[in-house]
Amino acid sequence: MSRHEMEALGWDSCDIILVTGDAYIDHPSFGMALIGRLLEAQGFRVGIVCQPDWNSAADFKRLGKPNLFFGVTAGNMDSMVNRYTSDRKIRSDDAYTPNAEANKRPDRAVTVYAQRCREAYPGAAVVIGSIEASLRRIAHYDYWSDKVRRSVLPDSKADLLIFGNAERAIVELAHRLARGERIGDIRDLRGAAFMVPRDWLPSAEWEETDSTEVDAPGPLVRHADPYAMAESNSATPASDGVQPVRLLSREQRLATRREHRAHTVIRLPAYEQVRDDPVLYAHASRTLHLESNPGNARALRQGHGERDVWLNPPPLPLATEELDRVYELPYARRPHPSYGEVKIPAWEMIRFSVNIMRGCFGGCTFCSITEHEGRIVQSRSEDSVVREIEDMRDKTPGFTGIVSDLGGPTANMFHLKCQDTKIESACRRLSCVYPDICENMGTDHSRLISLYRRARAIKGVKKVQIGSGLRYDLAVRSPEYIKELVTHHVGGYLKIAPEHTEEGVLAKMMKPGIGAYDRFKQLFDRFSREAGKEQYLIPYFIAAHPGTTDEDMLNLALWLKRNNFRLDQVQTFLPTPMALATTMYHTENNPLKKLHRQGGEVVGAVRNGRQRKLHKAFLRYHDAENWPLLREALKAMGRADLIGNGKKHLVPAWQPAGVGQGDRPRPVQLAPAAKRDESRHAGRNHSPNQRSTRDKPLAGSLSRKPGKRQPK
């Protein structure tokens, strides 16, 4: 991280310099540490420039000019999501910065950092990657500027963009550059994007399919003729002297089709088109997601002015042995010593956790995991996970025997996969679990149960908790797993994410119906009782998701009240680049279905600030700050019957003095003194933070139910 450290190592220069918007924490949960250690293991000298001052190029010269390339990332989070709430307000802290100090990274950090690298050393190669670059690899709707922006490639002036899981691509790129290849000639890396001339094709074998319009087919694809004749393997000619022939087998026809797809590029509507035409934007989004399976994805290209952004097919998933090697590199498992004893919240959160898998086949439309890590789950071996727990026990300061999490994007997709690799490589479904779990998807949790048992048997480990969100529709297929989880690995609370209760909204999210939650809760409660434990579920919900009406949010609020849930911190839908739900928000079209100019499905988007606030207020119906807004809305919806002081009512008719007044005075109906005194104590069961409705990157907790003992 410094010239002094380079001199101590005897380095006169770095081969690769990684620039990141995060503090440097040498732990495999942080992208720069993972990529840095991986490149180090390949023999390269790696420098890391963390949270540089972007107001000039001076800080980008800290380690000199790299021999091979700059690798630029915004950090573990998208810089805009990191800096702003879903209401576009600047956050007051940054979990990835020492002492949570805010404003240590710029907006759109990848673009700014890449431009500063160019300014510092004009001749150096610049490669951008990680989640911010991945989600901006084509023209995308930007929520914070409320417009469609170009791909990050032309804006950053980078030579190459590596999206998704970058391990294979970054290692191959480094070795090829070290052998003397020019970065402008490297065009065959999977998971790479770059700028090319409008008429460029890799070779004469390639064809282009036009997909720049809806309701208009592209050129006819030459499918293999099922009646085509092929030469026989027999060397004996027929009696008339003609060589025998045979029909092509199904495998041969499929191989021909795969070969054709491997040399086909789809032309998406250009940036200038999707910027001005919502239907074409939705069509481009749908096409990109349909071409996301690395087993059958075709290359994509999209015009940006006089040039194109070219996207190679996504990277192939890492095998278990490869993933093990990546996670077992010699990480220090702590922040860089230069930070001293300062606190870095993101590190405090994960310091005693272990990542056991990556990827997610859920395909939730509001989530960016699938677009970044892929739908094929990549899992580590049990032995590798056990070794990391032992390493954490021995290396990580402050370890007391509590493993805070064994998980990843989800808690329970460990070693779950399609049972037929041929079907998996040909599949074009957007989700393996919606509208129901695919019959080809394995749901056997036995390997995860085995891992849990081995982990808690490790010497020095007192308890293994599960902190990642649970996919409960999968869990109900394995009651034995739920019993194991509830009996040994729940510390009073378990996070799950129904997201909503109404079928119309859940369909836009590609989430299971609330019935799956009910089935899981029955098993959770049953096994908790059998274990003699008082435990609770923490449900996560999203307000103002595309396709949500005021009535939907009211029904959700009534469900929460019936089930005695009082949510703490709640999340309003945040449109992140490239997500399918973001496409719904921006275009009001449904990309889950084929797009049409006429007669397509219209998806309502909750844009108005007051309506977004209302939807959020429904989730916190118990907060007196929200009662005036809810009473006004209920009257407008013809549901004034829900205003009153009984158990059947959603909000009371009285208002505590000085609470919920907003920016303008409102008439307040005063209650009797006893009621007013009661209202002043109504929130005393909550922690101080529960009074805040400020959005945070992580949703919050559950307050206790009146009359119930608060679990430890």
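See the values below:
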{"item": "Viscosity 1.306 mPa s, 10 °C: Kirkwood-radius Stokes-Einstein D of the range 395-549 over Cα pairs, µm²/s", "result": "94"}
{"item": "Candidate residues C117, C418: accessible-area rank, largest first, probe 1.4 Å", "result": "C418, C117"}
{"item": "Cα Rg over Rh - the range 240-373, Kirkwood", "result": "1.16"}
{"item": "Relative contact order of the range 95-211, defined on C-alpha pairs under 8 angstrom at six or more residues apart (%)", "result": "21"}
{"item": "Debye-sum result for the chain in log10 I(q)/I(0), which assumes one identical scatterer on each alpha carbon, at q = 0.07 Å⁻¹", "result": "-0.53"}
{"item": "For the range 508-662, radius of gyration divided by Kirkwood radius, i.e. Rg to Rh on alpha-carbons", "result": "1.03"}
{"item": "Of all DSSP beta bridges in the chain, antiparallel share, percent nearest 5", "result": "40"}
{"item": "Taking N as its residue count, the alpha carbon Rg of the range 94-154 over 2.2 N^0.38 Å", "result": "1.28"}
{"item": "The range 327-483: translational diffusion in µm²/s, Stokes-Einstein, Kirkwood Rh over Cα pairs, 20 °C, 1.002 mPa s", "result": "126"}
{"item": "Distance-filtered residues of the range 339-367 - backbone nitrogen under 20 Å, label point 7 angstrom along Q419 Cα→Cβ", "result": "361-362"}
{"item": "Theoretical ellipticity at 222 nm over the chain - DSSP helices of four or more residues, -39500 (n - 2.57) apiece, nearest 500", "result": "-9000 deg cm²/dmol"}
{"item": "Where E306, E181 fall by accessible area, highest first, once all protein chains stay in place (1.4 Å)", "result": "E306, E181"}
{"item": "Percent of Cα pairs exceeding the 24 Å cut-off, where the set is the range 84-200", "result": "36"}
{"item": "Whole-percent carbon and sulfur share, accessible surface of the range 34-155, 1.4 Å", "result": "43"}
{"item": "Dipole magnitude (debye, nearest 20) for the range 546-652, charges at Cβ of Lys, Arg, Asp, Glu", "result": "100"}
{"item": "Bins of 10 Å, starting at 0 and running to the largest distance - Cα pair percent for the range 252-331", "result": "16, 34, 25, 18, 7, 0"}
{"item": "Over 31 Å between alpha carbons, listed pairs K417/K521; K483/K561; K157/K422; K147/K594; K483/K511", "result": "K157/K422"}
{"item": "For K521, solvent-accessible area (1.4 Å; no DNA, RNA or ligand), Å²", "result": "60"}
{"item": "Amide H contacts under 5 Å for I266, placed H, 5+ residues apart", "result": "T209, A299, L300, R301"}
{"item": "Over the range 433-496 - Rg/Rh using Cα atoms and the Kirkwood inverse-distance radius", "result": "1.01"}
{"item": "Accessible area (Å², 1.4 Å probe, nearest 10) - Y536", "result": "60"}
{"item": "Dipole in debye (nearest 20) - the chain, about Cα centre, beta carbon charges: Lys, Arg +1; Asp, Glu -1", "result": "2820"}
{"item": "Inter-label distance for R639 and E348, nm, one decimal - labels placed 7 Å from Cα along Cα-to-Cβ", "result": "3.9"}
{"item": "Crossing angle, helix 627-636 versus the chain [Cα axis fit, 0-90 degrees, rounded to tens]", "result": "80"}
{"item": "Exposure of K422 as accessible area (Å², to 10), given a probe of 1.4 Å and all protein chains", "result": "150"}
{"item": "Extension gain (nm, one decimal) between S450 and K594, 0.36 nm per residue minus Cα-Cα", "result": "47.6 nm"}
{"item": "Surface share of carbon and sulfur [accessible, 1.4 angstrom probe, percent] for the range 376-459", "result": "49"}
{"item": "C-alpha long axis of helix 382-395 to longest principal axis of the chain, angle in °", "result": "60"}
{"item": "Under the Debye formula (equal points on every Cα, no solvent term), log10 I(q)/I(0) of the range 63-122 at q = 0.14, 0.19 Å⁻¹", "result": "-0.47, -0.75"}
{"item": "Value of relative contact order over the chain, rounded to a whole percent, pairs C-alpha under 8 Å and six or more apart", "result": "11"}
{"item": "Among T501, S468, I458 the positive-end extreme of the charge dipole of the range 454-583 (Cβ point charges)", "result": "I458"}
{"item": "Debye log10 I(q)/I(0) for the range 483-594, one point scatterer per Cα, at q = 0.19 Å⁻¹", "result": "-1.01"}
{"item": "Positive-end extreme of charge dipole, the chain - chosen from A41, T256, H415 (charges on Cβ)", "result": "H415"}
{"item": "Computed FRET value (nearest 0.05) for R325 with W144, which takes r as the C-beta separation and R₀ as 35 Å", "result": "0.35"}
{"item": "Surface accessible to a 1.4 Å probe, per residue, for the residues of the chain, Å²", "result": "44"}
{"item": "Listed residues R258, R45 arranged by accessible area, highest first, probe 1.4 Å", "result": "R258, R45"}
{"item": "Folded to 0 to 90 degrees: helix 479-488 orientation relative to the chain principal axis, Cα", "result": "60"}
{"item": "Extended-chain gain in nm, criterion 0.36 nm per residue less alpha-carbon gap, E5 and R182", "result": "60.8 nm"}
{"item": "Volume in Å³ per residue [convex hull over Cα atoms, computed for the range 5-84]", "result": "96"}
{"item": "Carbon and sulfur %, accessible surface of the range 289-329 computed with the full protein complex present, 1.4 Å", "result": "51"}
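The values are calculated or read from the model by the stated rules, or taken from the named source; none is laboratory data. Quantities reported herein were computed from a predicted structural model and do not represent experimental measurements. When we count neighbours, we look across all protein chains shown, and the Cβ atoms used for this are built from the backbone with ideal geometry, even at glycine. Each accessible area value is taken on the protein alone, full model and side chains, heavy atoms only, with ligands, DNA and RNA left out. Shrake-Rupley method; radii C 1.70, N 1.55, O 1.52, S 1.80 Å.
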